Every structure is written in structure tokens, then in C-alpha cells.
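Just below is one structure, and these are the notes that go with it.
The values are calculated or read from the model by the stated rules, or taken from the named source; none is laboratory data. Model, not experiment: these values are computed from the prediction. Cβ placement follows ideal geometry from the backbone for every residue including glycine, while neighbour counts extend to all protein chains displayed. For accessibility, only protein heavy atoms count, side chains too; no ligands or nucleic acids. Shrake-Rupley method; radii C 1.70, N 1.55, O 1.52, S 1.80 Å.
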Amino acid sequence: MAKRFFQETEDEPLYEVSVQEEITARLHFIKFENAYIETCLDFVKDHLVNTETKVIKATGGGAHKFKDLLEKKLKLKVDKEDEMSCLIKGCNFVLRNIPHEAFVYVKHAEPEFRFQTTHPDIFPYLLVSIGSGVSIVKVESEDKFERIGGSSIGGGTFWGLGALLTKTKRFDELLQLASRGQHTNVDMLVKDIYGGAYESLGLTGDLIASSFGKSATADKEFSKEDMAKSLLHMISNDIGQLACLYAKLHNLSRVYFGGFFIRGHPVTMHTITYSINFFTKGEVQALFLRHEGYLGSIGAFLKGAEEDNPNQYSWGENYAGSSGLMSISPDVFPMQRTRSGTFDMLEMDRLERELVNLPLLLDSSSYIPDTVDLTEDALAREYWLSCFEEALDGVVKRAVASQPDLQDARERAEKFRHKYRHKLQTLRHQPCAYGSLTVRSLLDTREHCLNEFNFPDPYSQIKQRENDLALRYFQKVVSSMEMLSWEDRQFALVKGLLAGNMFDWGAKAVSDVLETDPTFGFDEAKRQLQERPWLVDSYSRWIERLKGPPHKCALFFVDNSGIDIILGVFPLVRELLCRGTEVVLASNSGPALNDVTYNELQILTEKIAAMDSVIHSGITKDRLILVQSGSSSPCLDLSRLDKGLATVVNERHTDLVVIEGMGRAIHTNYYAVLRCESLKLAVIKNSWLAERLGGKIYSVVFKYEQPRE
């Protein structure tokens, strides 16, 4: 969105709004079977190769196998990159940039995936790459890694021996056979030898004593399914034990498995997981990667782009253009399993700045942004999926209305509807498609789909109108505050902030009111608020704290445009400045719903400063600072914030964090623990959520927390 000042008169708007296509550096990765190589190269030739392209990067066995075809078709030189180096670079990249990249697999659990919070420092780790053979690599830093071991017994062994035993030539068919087999019909167990457990050695009766042991003595034919299952167990156990020995030898607790042998198949993940748990007695977890099939190609890209230093940026998965993790059950949604071997896609958008942790997090390694994991809460999952689907008509209507002069707006909006509905349907069947399913991920997926069809800011005109209207009342609100006693003023400021937060177009109950009753205003919002005591009420402790010395610096994560930011936030900012507290206002870098963006906040602050001496003084004396959060989401992930914000927080010795709004303080960060004082406040504008929390719609959460001793 482009915004600039007008030489305004009384009736002219504060800034103009124009639609511009968002230009973002984006990585496209497509995974396909070798049978489609010609089709893929035709696409590359027609769409991606320009006159400046001289070299194409390639890695892996295909770089050798298809070198001549690539050079002939594309008329380019193939530059082959070292496979292991590319694999490591790709692994580092996804671990650093995709929060829910790694997962533990738990068979028969609901959900079967347990996504892991990526530690801020991803090193060191062990990567076990299982292709034809096995390579075990210790990774210590971005450029320091060492192959410390391996084995000739790997995926090729399973495929080769499996083909000899079952006459089945296709790898996936062999795994299908194994999934239906019973290995105990072929394997000799401890109880087959000793009649039960071997207790003095701690061996249970069901433990495999000899793989294929029964086939030497039993005078019968064994089924293909049973032999395939026995073979899978034999090779997986061997790889698992080898990985455990190397992990213990090098004192590594993080072990990632990838390669052709894994590929998201439930049978292989389960057998590897069982083996690791057994040999380490649960001390080491087998970790798998959502995008392990893309690691080599990502690494090859990074090698080719080294002069542009792609690691100076952060990247984010674009949910609109990514296939997501398909169902791992071989019997459920077979079309998805088939598709995962043909044309799966991953898209990564380059973000303009490097994202880092908020320095004030007490423990960034255990921080989880989201309050509820919908993959584990089936009731909440069904409610929110239905909620977002029911809201689609309103979002489409708003998108079309935001671009009245563009004839194709309605057509693009319908394409958005179709795509986002399809995403919701996918998530009903496979909630783990994009990692842990949360309200935040549903909101972000919607924003990504809107951007995909060039609706970067559907609420731009609403924000402009509400900003203009709220500015007219700012001085009146401030004057009314100054007439109050100190204690009454503190309560009025908090109540004003809460009332301002009511103006949230992302909440259907509120948007319905705002659509049908344009006269609904600041005073009406105050009357709708829950009376004290609130649903969560730390207000008395907050007032006692304010009677003490002022805070050095307050970091304020703001929410909505219009009444919220102008009549709710700025009066409180003004009070903090008067107390002697510096204030850092953090707003979204890009649009999301009617949330105020950094560009808009700059314009609003300049306008307010022109009519208020306290705000003007704060700006000119560098005591009121505006920063961008690095986010374009209605929610807030404190582990992915603009590096510039983190620098300001440290430099200003910030000792108070204020987070407002349902998205930032309820759906995310409700349980976030900080090393300084924090204030989380919101109005619950959803009846279902309010009832679940033990309240009613428009209940108030005012949560003041002090750092733990």
C-alpha cells in the first residue's frame, strides 16, 4: 500500500490510499517424480530462464544422471554442488526459518505429530541421512560439519532385499506391504527362546532376538507383508542403534532423520522412533523434518545466491503456495499420499529484515507463542475452522469493496474464497499440514491467501476513515482525562484503552455491529465493557505499582487503527511520558485486518504531535520511539521480531512490556513469561471463547505480571 501526506483541509483525508502489487522475493520449490523431468524442464525453459542466466545449480544423484538433459534442454551449464554440503545448508535454513519444522512421530496418538519448538541456537545436532546407504553427520555451525560415520545398510538395502523377497519393485509398494505385515511371524522373539522375558538381562519377551529367525526353522511359506515388515524392522533397528551410539559418543541430544528412506512414511518413522527410544531409554528423541525432501535443493540455491548473502534475511513459509505435510496414513486420503510423490510445493518469502527473539523473554528456548494447540484440542479446532469458514463471505465482501476501481476485484476475491476454503478443508482432514494448527496460523493463512490475489490491505479505506474520525476527538478525550484526579485518571485511561480495543474488524461480533450501526462510538464501547471485577483482574496491583517509581522504558505492542490507537493507546502513552517513562510503540510492518501499520503509525503520530505538546516533546526529545515489529499478522510471535526492535529494547533498558488485543495477548502470549513487568489486556469479543474462559462476550482480561524472583 502506498500512503503519503495531503496538504489537507478540514474535509480532506489524512493520507491517500492506492493499491500497488506487492513485490516480494520468493523461493518456489516443487518436488516431483523423475518421470516428470521433461515437463519440469519445459516449464523452467518457458518461464524462468532469462538471457542473463548462464548456470543452473544442481546437487544429488540427479545432478549427474540428468546433467546432459539439463544442459541440452535449457542450454545452460550445470554447476554440480556437493550433496552433503547442500543438505546441511538446507537443514540449517529450514530449522532457522520455519518454527514448526521438526517433529516427533507418535504412532496411534492424536495428533500423530508432536511439533518441537526450535531452539534459538540450532547447533550442534546430528543429521542421519538415510538414502541408499546411511551417512551420519555432526553439524556444529553454519559451515562446520563432519561425516562421523555411516553404514552400507540403508534404504537401498531395504529396497533391494525387499525386491528379492517379495518380487515388488516399487519402494512405496514395499512400504505398503510392510504396513500390513506382522513381523512376529518371521522374527524370533526373546519369548520364543526362553518362554518369556529374560529378566536378569532386562529383556522383555516381545523383543526381537533374531530378525528372520523363524524362517530358518519353520517349514512354511511366509507372506510378502510379514517379510517386508521384518526387513523394515531389521534395517531401522540397525540404523537407530548406530545413530544412538554416535549421539552418545559426541554428547548430542538432537538427532534429525531424513533422506529417501523416510519421506514422511509412518512405518519408517515409527520403527526409527521405537529403535531410538529403546537404545537410549528415552533420553534422545528421533526428530523428523516437515520439508526434508527439499533440503538439497534449498542448499543448492543458497550456494548459488551466496553473493547476495541470503542468510542476512529471515524467511517465512507462504501457506498460500505450499502443499503442507500430507496425511501420513497409507490408508487415509490415498490421493494425498500419491500427490506427495509427484508435485508437492514449498514457497518461502523473504522478509525485509532479520527476525530475532525478544531479549526480554525469560527463556526463549521454552517460549511457545500460541495459547491453544488446535491439533490437540478437537473441540476448539472444529469451532475455529467453522468460524473462519463462516466469516469468508464478509472477508470477500471487504476485499472487493477495498478496490472499487478495479474491474477484476470480484473475480480475484472469488479465487481467494476458493483457495482459502480449500485450505480450511485440508486442515480439517490433516490439522498438522503446516505444523501446529492454531488461531494464529488460520489468520496468517488467510492473510497469505489475500496477498496471493493482490488484496494486501482490504481494510485500508476503513482504517483511513476511522483514523480521520478519531483524530477529531483526541484533544477532547485528553482534556477530559486531565480534569480527573490521579486515581480516577488511571482507571479512565485503562477503560479507554479497553474500549478502543473493541474496534476490531477481525472479530465478527464487533464487525457486525460496525457494519449495521455506523454511530457506534467510543462512549458506546465503554458502556459495553464488563464491570469490575473483570474476568482476569490485576488492576489493583497495577495501581499500587504506579504509585512507585516510574518505569525506565515501556515497550507497547499496539493493535488496531482508529479509535484503538488514537483514543485508547495515545492517552496512556501520554501519561507514561508525563511520569518520566520512555515509550517504544511497536506496530506491524505490513497490513493485517485493521491493525495499524508502521507507515500509518508514523503519519498518525506526526498528526497527534502537532496538536499535543507532550507527544511532540516525546518525539523531539527521542523519548517516544516508533519501531516496526517485523510482523504482518494479527497475532504476535515474540521469537520472530525485527532485529531493530530488539536493539532498541536493549539500548533503552526496557522494564515494562504492554501487549493489547485478543490476537496478541489472548490467542498468543497469554502464558509468555518475561524478565520484566508485563501488562496483557484485551476485551474478549467472541462469545464461544468468552464462555470457555468462564465469562461472557466483552469480558475483560487485565493481566499484570511481575518478573519471577
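What do you reckon, is residue 473 within 30 Å of residue 575 (Cβ to Cβ), at pLDDT below 95 and either open to solvent by less than 10 Å² (accessible area, probe 1.4 Å) or not acidic (Asp, Glu) (or both)? Working first, answer last.
Numbers: within 30 Å of residue 575 (Cβ to Cβ): yes; at pLDDT below 95: yes; either open to solvent by less than 10 Å² (accessible area, probe 1.4 Å) or not acidic (Asp, Glu) (or both): yes.
Criteria met by residue 473.
Sort out which residues of the range 403-416 are open to solvent by 40 Å² or more (accessible area, probe 1.4 Å) and farther than 20 Å from residue 462 by Cα, and write them in order of number.
Step one: filter the range 403-416 for residues open to solvent by 40 Å² or more (accessible area, probe 1.4 Å), giving 404-408, 410-411, 414-415.
Hits for the range 403-416 are 407, 408, 411, 414, 415.
Of the numbered conditions (1) farther than 24 Å from residue 281 by Cα; (2) open to solvent by 30 Å² or more (accessible area, probe 1.4 Å), residue 209 fails exactly one; give the number of that condition.
Every listed condition holds for residue 209 apart from (1).
Need pairs with beta-carbon distance below 8 Å; first residue under 20 Å from residue 90 (Cα atoms) and within the range 140-163, second open to solvent by 70 Å² or more (accessible area, probe 1.4 Å) and part of a strand (DSSP E or B); sequence gap 6+ or separate chains.
That search, which allows pairs on different chains as well, returns 140/146.
Look through the range 164-196, keep the residues that are among the small types (Gly, Ala, Ser) and in contact (Cβ under 8 Å) with a residue 12 or more places away in the chain, and return whichever of them is farthest from residue 213 (Cα to Cα).
Of the residues in the range 164-196, the ones among the small types (Gly, Ala, Ser) are 178-179, 181, 195-196.
Now narrow it down to the ones that are in contact (Cβ under 8 Å) with a residue 12 or more places away in the chain: 178-179, 181.
Details: 178: 18, 179: 20, 181: 16 Å.
If we take residues in the range 164-196 being among the small types (Gly, Ala, Ser) and in contact (Cβ under 8 Å) with a residue 12 or more places away in the chain, then 179 is farthest from residue 213 (Cα to Cα).
Report every pair of residues separated by at least 6 positions or lying on different chains whose Cβ atoms are under 8 Å apart, first residue within the range 452-468 and within 29 Å of residue 25 (Cβ to Cβ), second of a type in the set (Val, Ile, Thr) and buried (at least 19 other Cβ atoms within 10 Å of the Cβ).
Matching pairs, first to second residue: 458/395; 463/596.
Residue 376: farther than 25 Å from residue 594 by Cβ, open to solvent by 10 Å² or more (accessible area, probe 1.4 Å) and modelled with pLDDT under 95, yes or no? Quick ask: steps written out before the conclusion?
On the way: farther than 25 Å from residue 594 by Cβ: yes; open to solvent by 10 Å² or more (accessible area, probe 1.4 Å): yes; modelled with pLDDT under 95: yes.
For residue 376, the condition - farther than 25 Å from residue 594 by Cβ, open to solvent by 10 Å² or more (accessible area, probe 1.4 Å) and modelled with pLDDT under 95 - is met.
Looking at 467, 454, can you tell me which residue is out of contact with any strand residue (DSSP E or B) (no Cβ under 7 Å at 6 or more places or on another chain), farther than 30 Å from residue 615 by Cβ and either at pLDDT 95 or above or buried (at least 19 other Cβ atoms within 10 Å of the Cβ) (or both)? Spell out how you get there, then give the answer.
Details: 467 fails: farther than 30 Å from residue 615 by Cβ.
The conditions single out 454.
Out of the residues in the range 382-398 that are touching a Lys or Arg at 6+ places or on another chain (Cβ under 8 Å) and under 15 Å from residue 456 (Cα atoms), state the one that is surrounded by the fewest Cβ atoms within 10 Å (Cβ to Cβ).
Among residues in the range 382-398 that are touching a Lys or Arg at 6+ places or on another chain (Cβ under 8 Å) and under 15 Å from residue 456 (Cα atoms), the one surrounded by the fewest Cβ atoms within 10 Å (Cβ to Cβ) is 396.
Take the conditions within 23 Å of residue 293 (Cβ to Cβ), touching a helix residue (DSSP H, G or I) at 6+ places or on another chain (Cβ under 7 Å), without any contact (Cβ under 8 Å) to a residue 60 or more places away in the chain and open to solvent by less than 50 Å² (accessible area, probe 1.4 Å) and apply them to residue 240. Does it pass? Outline the logic, then answer.
Working: within 23 Å of residue 293 (Cβ to Cβ): yes; touching a helix residue (DSSP H, G or I) at 6+ places or on another chain (Cβ under 7 Å): yes; without any contact (Cβ under 8 Å) to a residue 60 or more places away in the chain: yes; open to solvent by less than 50 Å² (accessible area, probe 1.4 Å): yes.
In short, yes.
On the basis of being surrounded by 19 or more Cβ atoms within 10 Å (Cβ to Cβ), within 32 Å of the chain's Cα centre (by Cα) and outside any helix (DSSP H, G or I), does residue 129 make the cut?
Numbers: surrounded by 19 or more Cβ atoms within 10 Å (Cβ to Cβ): yes; within 32 Å of the chain's Cα centre (by Cα): yes; outside any helix (DSSP H, G or I): yes.
Taking the combined requirement at face value, the residue satisfies it.
Could you tell me which of the residues 640, 708, 675, 652 is out of contact with any helix residue (DSSP H, G or I) (no Cβ under 7 Å at 6 or more places or on another chain), of a type in the set (Lys, Arg), closer than 18 Å to residue 440 by Cα and open to solvent by 10 Å² or more (accessible area, probe 1.4 Å)? Spell out the reasoning first.
Values: 708 fails: closer than 18 Å to residue 440 by Cα; 675 fails: closer than 18 Å to residue 440 by Cα; 652 fails: closer than 18 Å to residue 440 by Cα.
It is 640.
For the subset of the range 47-60 comprising residues that are at pLDDT 85 or above and not hydroxyl-bearing (Ser, Thr, Tyr), which member is farthest from residue 156 (Cα to Cα)?
As a first pass, look at the range 47-60 and keep what is at pLDDT 85 or above: 55-60.
Checking which are not hydroxyl-bearing (Ser, Thr, Tyr) leaves us with 55-58, 60.
Working: 55: 32, 56: 29, 57: 26, 58: 22, 60: 15 Å.
In this case the residue turns out to be 55.
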